[in-house]
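Here is the structure we will look at, set down as structure tokens.
The values are calculated or read from the model by the stated rules, or taken from the named source; none is laboratory data. Note that the structure is a prediction, hence the values are computed from the model and not measured. Positions of Cβ are generated from backbone atoms using ideal geometry, with glycine treated the same way; all protein chains shown enter the neighbour counts. Accessible surface is based on the protein model in full, side chains and every heavy atom, while ligands, DNA and RNA are left aside. Shrake-Rupley method; radii C 1.70, N 1.55, O 1.52, S 1.80 Å.
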Amino acid sequence: ISERYSHAFRPAAWAGDSLFVERKIMREIGIKISSAEKRASSYFQGSMSYFSYLYKNKIKSIQYSASSLQFPSNNGDANISGIELKGELLGIAKILDFRSIHSTYTYSDQLSFPMQPLNMLRNSIEINLGSFEAKVTFKSEGSRVLTTIGEGDLLENNYLDKYQSYDIHGSYVLYYKDFDVSIAIFGQNIGDNSQEIDGISIFDRRIYLSLGFQWN
């Protein structure tokens, strides 16, 4: 319903364009390996998977230049495929967990998959000391493209450089009789440089503080 309404915002030059029903064919395959003993000490598990999504009449959201206004169009087919590698080493010295996810993507055209990076990497370390837990995640992503429509109804590719940043999370729970008091802090995209595409901010930094009180 939303796409039908937003389709009315298309330029006059696209007045003859119509929306069609989108169809999707999914193909996925993968393998998984893990340690023979379940969490007896340190425990490893990993996986590799491949996916391919084929779209018939893929709905493409086209954005107006220097604006958040979009309209859909889907008079063509598209496909995206990728490989994901995932590894986890848990229970290191009984207090550390390490996780790593690396993904690479191939897609048919930039307009069908806006802001889709060519590759992504996530490395995280978790520390568990009973009442205190902490997690640090390093993030790295390849360059992205956002296609916009500007004056003269011309499409333009806007490029965003690859970036690196990290997230941090820490929490502590205090137990006293029938009461639990918790405090947590979460930082997102720490160390990331602000970037813009055609006047629109893409990334930001955020810090959250959470306080909790529970009576059991």
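What are the residues in region 128-155 that are in a strand (DSSP E or B) and either aromatic (Phe, Trp, Tyr) or open to solvent by 60 Å² or more (accessible area, probe 1.4 Å) (or both), if any?
Once the filter is applied, which keeps residues that are in a strand (DSSP E or B) and either aromatic (Phe, Trp, Tyr) or open to solvent by 60 Å² or more (accessible area, probe 1.4 Å) (or both), region 128-155 yields 128, 129, 132, 133, 135, 136, 138, 155.
For region 10-29, which positions are open to solvent by 90 Å² or more (accessible area, probe 1.4 Å), under 25 Å from residue 154 (Cβ atoms) and assigned to a loop (DSSP other than H, G, I, E, B)?
Hit for region 10-29 is 20, nothing else.
Look at region 156-173 and say how many of its residues are over 30 Å from residue 13 (Cβ atoms), of a type outside the set (D, E, K, R) and open to solvent by 90 Å² or more (accessible area, probe 1.4 Å).
3
Restricting to region 70-89, count the residues that are open to solvent by 70 Å² or more (accessible area, probe 1.4 Å), within 30 Å of residue 33 (Cβ to Cβ) and more than 19 Å from the chain's Cα centre (by Cα).
0
Looking only at region 31-48, count every residue that is of a type in the set (Gly, Ala, Ser) and open to solvent by 50 Å² or more (accessible area, probe 1.4 Å) and tell me the total.
Count: 5.
Quickly run through region 54-69 and pick out the residues that are surrounded by 17 or more Cβ atoms within 10 Å (Cβ to Cβ) and part of a strand (DSSP E or B).
Scanning region 54-69 gives 55, 60, 62, 63.
Give me the residue from region 110-126 that is in contact (Cβ under 8 Å) with a residue 40 or more places away in the chain and among the hydrophobic types (A, V, I, L, M, F, W, C) and, out of that set, farthest from residue 163 (Cα to Cα).
So, considering only residues that are in contact (Cβ under 8 Å) with a residue 40 or more places away in the chain and among the hydrophobic types (A, V, I, L, M, F, W, C), the one farthest from residue 163 (Cα to Cα) is 111.
Counting only residues that are touching a Lys or Arg at 6+ places or on another chain (Cβ under 9 Å), in a strand (DSSP E or B) and at pLDDT below 75, how many does region 179-216 have?
Qualifying residue count, region 179-216: 1.
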